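The values are calculated or read from the model by the stated rules, or taken from the named source; none is laboratory data. Because the structure is predicted, anything quoted here is derived from the model rather than measured. Positions of Cβ are generated from backbone atoms using ideal geometry, with glycine treated the same way; all protein chains shown enter the neighbour counts.
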Amino acid sequence: MNLPAQRGFVRMTLREEADVVMARARARELALREGFPENRAAAIATAVSEVAWNIVLHAGVGEILVGVADEGGRRGIVVIARDEEPGIRDVAGAMEDGWSTSRGLGLGLPSARRLMDEFTLVSAIGTGTTITMKKWAHAAE
């Protein structure tokens, strides 16, 4: 996989709840170390938690990569969350508030999308899901 222009992605394997907690903390720490305001670092941490929990719940194992992106004079945090299966049968449905296959609230993916500045989800049954999210250090003017 080609990674976006970045500095040192940190790769974290996700298998259990403790891994979700670690991914969330490391994403927040990176954002704060890069000078992100607390509210933007918290948004990144929450979005990471949501997508990481989906991996553990639905795929059983996957990974999160977190790094610093530099694009067009902007600095941001990029997060790539991916698993190898099962994939999302109804991507459009999964992006709607209240849609859930696990009897949850169905707010995870839609919330992650709202919290981040950029959000892309690619999924296919049998090949898995990749979510790429970015949050810029400063809101667009």
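Residues to consider are Ala45, Ala31; find the one that is in contact with a strand residue (DSSP E or B) (Cβ under 9 Å, 6 or more places away or on another chain) and either modelled with pLDDT of 90 or more or of a type in the set (Lys, Arg) (or both).
Numbers: Ala45 fails: in contact with a strand residue (DSSP E or B) (Cβ under 9 Å, 6 or more places away or on another chain).
That would be Ala31, the only listed residue that is in contact with a strand residue (DSSP E or B) (Cβ under 9 Å, 6 or more places away or on another chain) and either modelled with pLDDT of 90 or more or of a type in the set (Lys, Arg) (or both).
For segment 6-42, give me each residue that is touching a His at 6+ places or on another chain (Cβ under 9 Å) and either part of a strand (DSSP E or B) or under 10 Å from Ile77 (Cβ atoms) (or both). Break it down into steps so the answer makes sense when it comes.
At the first step, the residues of segment 6-42 found to be touching a His at 6+ places or on another chain (Cβ under 9 Å) are 36-37, 40.
Listed by number, the residues that qualify are Phe36, Arg40.
When the residues of segment 1-27 are narrowed to those that are within 19 Å of Phe119 (Cα to Cα) and small (Gly, Ala, Ser), which ends up modelled with the lowest pLDDT?
Ala5
Could you check segment 118-141 and list, in sequence order, the residues that are surrounded by 16 or more Cβ atoms within 10 Å (Cβ to Cβ) and part of a loop (DSSP other than H, G, I, E, B)?
Ala137
Please go through segment 38-47 and pick out each residue that is touching a residue at least 40 places away in the same chain (Cβ under 8 Å) and aliphatic (A, V, I, L, M). Walk me through how you get there before you give the answer.
Quick first cut of segment 38-47, residues touching a residue at least 40 places away in the same chain (Cβ under 8 Å) only: 40, 43-44, 46-47.
Answer for segment 38-47, where residues must be touching a residue at least 40 places away in the same chain (Cβ under 8 Å) and aliphatic (A, V, I, L, M): Ala43, Ile44, Ala47.
Restricted to segment 81-112, and to residues that are of a type in the set (Lys, Arg) and more than 18 Å from Val20 (Cβ to Cβ), which residue is modelled with the highest pLDDT? Before you say what the answer is, go through the steps one by one.
Keep residues of segment 81-112 that are of a type in the set (Lys, Arg), which gives 82, 89, 103.
Narrowing the set further to residues that are more than 18 Å from Val20 (Cβ to Cβ) leaves 89, 103.
Working: Arg89: 74, Arg103: 56.
The extreme case among them is Arg89.
Looking only at segment 58-71, decide whether some residue is surrounded by fewer than 16 Cβ atoms within 10 Å (Cβ to Cβ), out of contact with any strand residue (DSSP E or B) (no Cβ under 9 Å at 6 or more places or on another chain) and either under 18 Å from Gly108 (Cα atoms) or free of Cβ contacts under 8 Å to residues at least 12 places away in the same chain (or both).
In the first step, residues of segment 58-71 are kept if they are surrounded by fewer than 16 Cβ atoms within 10 Å (Cβ to Cβ); the result is 60-61, 70-71.
Narrowing the set further to residues that are out of contact with any strand residue (DSSP E or B) (no Cβ under 9 Å at 6 or more places or on another chain) leaves none.
No, that holds for no residue.
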